[in-house]
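Participant: Got a structure for you, questions after.
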Amino acid sequence: MSAVAWKVEIDPRLCIASGACAGFAPELFVLNGAHSRPVRTDIAPDERALDAADVCPALAITVRDGEGRVIGPRP
Ligand code: SF4
């Protein structure tokens with residue numbers, strides 16, 4: 001994956017397993033028992049990852065750009 005890859009994380013302490021992320025972007029997130037996880041931690045830049053971070057009811061999803069800056073959820 002190139003240096004511009006984004007990183008997606010889900011904090012299992014915050015995730016309430018609503019399934020919203022996996023339902024919204026199943027190519028990026030999978031509901032896995034008590035919480036969801038990213039399908040891959042490193043992804044090509046994808047607006048849907050930001051959208052999912054925005055809709056997560058627990059703000060459990062963090063998206064970072066290729067330089068490590070937090071870009072999702074958006075303020
Ligand atoms: S939307 Fe948020 S709370 Fe719901 S499963 Fe995904 S990470 Fe967990």
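The values are calculated or read from the model by the stated rules, or taken from the named source; none is laboratory data. All values derive from a computational prediction rather than experimental measurement. We place every Cβ from the backbone using ideal geometry, glycine too, and count neighbours over all the protein chains shown.
Participant: What is the one condition in (1) at pLDDT below 95; (2) within 8 Å of the ligand (Cβ to nearest atom) that Ala52 does not satisfy?
Facilitator: Looking at each condition in turn, Ala52 falls short on (1).
Participant: While we're on this one: Has segment 55-72 got any residue that is touching a Lys or Arg at 6+ places or on another chain (Cβ under 6 Å), away from the ligand (no atom under 14 Å from the Cβ), charged (D, E, K, R) and at pLDDT 95 or above?
Facilitator: yes
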